[in-house]
Amino acid sequence: MNPTYLMPAAATGPAAVRTGPVPVPVPAAVRFRAACPDCRGRFELAAGALRLAIGATSRTTFYTFTCPECAAPVRKPAGERIIELLTGGGVRTLRLHATP
């Protein structure tokens, strides 16, 4: 599948040339189902309530959120499919780099 590169309608002419893909806006209605291991609550969260951290290993790749029912901080591992879903749904991502 070939990537599609989008350009805003207002950006035209030689100064508007960009390299790399332009992010496609994600609707605010995107919601993710989640559960809290502390209170066993089940709920849906908007993309803004989640954070994804991508590290060099599976141990350092995880997503976090705060439980809306008990206010406990939750950290769960994120495999490849979870990363794909969260990034595609507009969740803010932090890439962790190891220091030499």
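The values are calculated or read from the model by the stated rules, or taken from the named source; none is laboratory data. Computed from a predicted structure; not experimentally measured. For neighbour counting, all protein chains shown are included, and Cβ atoms are generated from backbone atoms with ideal geometry for every residue, glycine included. Remember, those area values only see protein heavy atoms, side chains included, never the ligands or the DNA or RNA. Shrake-Rupley method; radii C 1.70, N 1.55, O 1.52, S 1.80 Å.
A few points about this structure:
- Options Val30, Val24, Val17; residue that is at pLDDT below 95 and within 12 Å of the chain's Cα centre (by Cα): Val30
- Filtered residues of the range 52-93 (kept if open to solvent by 70 Å² or more (accessible area, probe 1.4 Å), outside any loop (DSSP other than H, G, I, E, B) and modelled with pLDDT of 90 or more): Thr66, Pro73, Arg75, Pro77, Glu80, Arg81, Glu84, Leu85, Arg92
- The range 34-51 residues that are surrounded by fewer than 16 Cβ atoms within 10 Å (Cβ to Cβ), paired with ones that are assigned to a loop (DSSP other than H, G, I, E, B) (beta carbon under 6 Å, 6 or more apart): Asp38/Cys70; Asp38/Ala72; Cys39/Glu69; Cys39/Cys70; Gly41/Glu69; Phe43/Pro68
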